[in-house]
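Written below as structure tokens is the structure these notes are about.
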């Protein structure tokens, strides 16, 4: 973090002793260290939170990519089935048309057949 060597710490300590005096110097050092620890803890918490959020964003992106790939695969698989169903529906419609033209009626499900005679 800071590049402070032994001589810099010694100089700061001597200045602190002269400014605060020997009785209040230790309290000032404790208070300073307490605030430094709080600051470091806060910075670490923020860094962890940012890393967590970036990781969550990465996971969401991967999930979205996987979902779009899966959707494309499902469409590719479903397209032939849909075409086959449409062809079968047309065949059924084609078979029903000649039957209705010949005078015979085809009962729909739920209808009863009544003879007009």
Checklist line | Hull-based mean projected area of the stretch 1-98, where the convex hull spans the alpha carbons, in square nanometres | finding: 11.4
Checklist line | Gain in span if fully extended, residue 52 to residue 93, counting 0.36 nm per residue against the direct Cα distance | finding: 8.9 nm
Check: Computed FRET efficiency, Cβ-Cβ of residue 33 and residue 8, R0 22 Å: what is it to the nearest 0.05?
Finding: 0.85
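FYI, it's all coordinate maths here, none of it is from the lab. These numbers were taken from a predicted model, which means no experiment stands behind them. Glycine also receives a Cβ, built like all others from the backbone with ideal geometry; neighbour counts cover every protein chain displayed.
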